[in-house]
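What follows is a set of notes on a single structure, which appears directly below.
The values are calculated or read from the model by the stated rules, or taken from the named source; none is laboratory data. Predicted model, so just to flag it, every value in this text is computed and none were measured. Ideal geometry is used to build each Cβ from the backbone, glycine not excepted, and the neighbour counts take in all protein chains shown.
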Amino acid sequence: MDLSVRIGSLTLKNPLVAASGCFGYGVEYAEVVDLSSLGGIAVKGLFLAEREGHPAPRIVETPAGMLNAIGLQGIGVHRFIDEKLPELRARKATVIVNICGTTLNEYVELARILSDAEGVDALELNISCPNIKEGGITFGCSLTGTFDVVSAVRKVTRLPVVPKLTPNVTDVASFARAAEEAGADAVALVNTFLAMVIDVETRRPKISNVVGGLSGPAIRPIAVRMVYECRQTVKIPIVGMGGIAEARDALEFIIAGASAVQVGTASFVDPFIWPKLLDGIRDYMRRHQIARIADLVGTIDARARDHEWTSS
């Protein structure tokens, strides 16, 4: 069985990628997960400088999901290159660096710096974080902004460029098209949905930022629909994500049109989820006599179906 997938010039050994923000910088999981066994690791978002993020509380559990407003806390690009990247290289991880900016120039400078760093395999542009007031989301909610940031980064790097799109727009497929026209090698979707949880006894929000990003199984059907819509619109690969907790969830995204998938919230619940997902995908491929996972991408039969109604 061939589980490899192509994302621009990058070949992933399998379609499973650890989602940014849920897997730290990868090294935190190195003692329990063989990092080289994953298709890739999208590391926690990086700005040029270190960032504290929002004060606690900043995570709360919700029905079938989780709300977070971390605020993109991070160690900054230079500490990442000095402190984290050497171990990721040593463990033969495929490293996708998620970069964040408050200005267009910050994205460009991050791309330049990381393009010269040994062991970086691709750049994921975070233009869709819903719980910070500056930067990122401003670009991600504007078609022109999306085009501009992707185009600017494309000009300064040979690495695959993968903008991570927000679901908090009316027509996500138009943003995928803008990214493709700007030179993106792929698009990743979806980031979290803007949401809110209130403690009815105190009448106060349960997280300090008031609102945050909703992830987990609750968002999966919407995310699958958005991947399907984007697959009808763009020709570049799609990296799908949103509530994947078992192999059939990953397969649903792939059939809808995703070449690869990212798993985030579920890795908090079960750090050992990765071989289970791979085993489930292999079992499906055996049962359906599929030799290459790439042959399954976008194979949904979406023709209208005749419904048979029966009465008792």
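Just one of Thr170, Thr233 is surrounded by fewer than 23 Cβ atoms within 10 Å (Cβ to Cβ), over 17 Å from the mean Cα position of the chain (by Cα), outside any helix (DSSP H, G or I) and without any contact (Cβ under 8 Å) to a residue 24 or more places away in the chain; which is it?
Working: Thr233 fails: without any contact (Cβ under 8 Å) to a residue 24 or more places away in the chain.
Unique residue meeting the criteria: Thr170.
Only residues that are surrounded by 18 or more Cβ atoms within 10 Å (Cβ to Cβ) and in contact (Cβ under 8 Å) with a residue 60 or more places away in the chain: list them for the range 201-216, please.
Scanning the range 201-216 gives Lys206, Ile207, Asn209, Gly212, Gly213, Leu214, Ser215, Gly216.
Give the range 151-167 a look and list any residue that's part of a loop (DSSP other than H, G, I, E, B) and aliphatic (A, V, I, L, M), or say none. Spell out the reasoning first.
Residues of the range 151-167 that are part of a loop (DSSP other than H, G, I, E, B), as a first pass: 155-160, 165-167.
Val156, Leu159, Leu165 - these are the residues of the range 151-167 that are part of a loop (DSSP other than H, G, I, E, B) and aliphatic (A, V, I, L, M).
When the range 274-312 is examined, which residues are found to be modelled with pLDDT of 95 or more and either among the basic types (Lys, Arg) or touching a strand residue (DSSP E or B) at 6+ places or on another chain (Cβ under 7 Å) (or both)?
Correct list: Trp274, Lys276, Leu277, Leu278, Arg282, Arg286, Arg287, Ala291, Arg292, Ile293, Ala294.
Tell me, which residue of the range 179-200 that is under 19 Å from Ala218 (Cα atoms), of a type in the set (A, V, I, L, M, F, W, C) and within 19 Å of the chain's Cα centre (by Cα) is surrounded by the fewest Cβ atoms within 10 Å (Cβ to Cβ)?
Within the range 179-200, the subset under 19 Å from Ala218 (Cα atoms) is 188-198.
Subset that is of a type in the set (A, V, I, L, M, F, W, C): 188-190, 193-198.
Imposing the further condition that a residue be within 19 Å of the chain's Cα centre (by Cα) reduces the set to 188-190, 193-195.
Values: Ala188: 32, Leu189: 27, Val190: 26, Phe193: 20, Leu194: 16, Ala195: 21.
Checking each candidate, the answer is Leu194.
Out of all the residues in the range 154-166, is one or more surrounded by 17 or more Cβ atoms within 10 Å (Cβ to Cβ), at pLDDT below 95 and farther than 18 Å from Arg112 by Cα?
The answer is yes, given that some residue of the range 154-166 is surrounded by 17 or more Cβ atoms within 10 Å (Cβ to Cβ), at pLDDT below 95 and farther than 18 Å from Arg112 by Cα.
Could you look through the range 276-298, keep only residues that are part of a helix (DSSP H, G or I) and of a type in the set (Lys, Arg), and pick out the one that is surrounded by the fewest Cβ atoms within 10 Å (Cβ to Cβ)? Break it down stepwise before answering.
Residues of the range 276-298 that are part of a helix (DSSP H, G or I), as a first pass: 276-287, 293-296.
Still in the running and of a type in the set (Lys, Arg): 276, 282, 286-287.
On the way: Lys276: 12, Arg282: 16, Arg286: 10, Arg287: 8.
Looking at the filtered set, the residue picked out is Arg287.
How many residues does the range 258-275 contain that are more than 20 Å from Arg220 (Cβ to Cβ) and part of a helix (DSSP H, G or I)?
Counting residues in the range 258-275 that are more than 20 Å from Arg220 (Cβ to Cβ) and part of a helix (DSSP H, G or I) gives 1.
Would you mind listing the strands (runs of 3 or more DSSP E) fully within the range 31-150 where at least 1 residues are surrounded by 19 or more Cβ atoms within 10 Å (Cβ to Cβ)?
Correct list: 40-46, 65-68, 95-99, 122-126.
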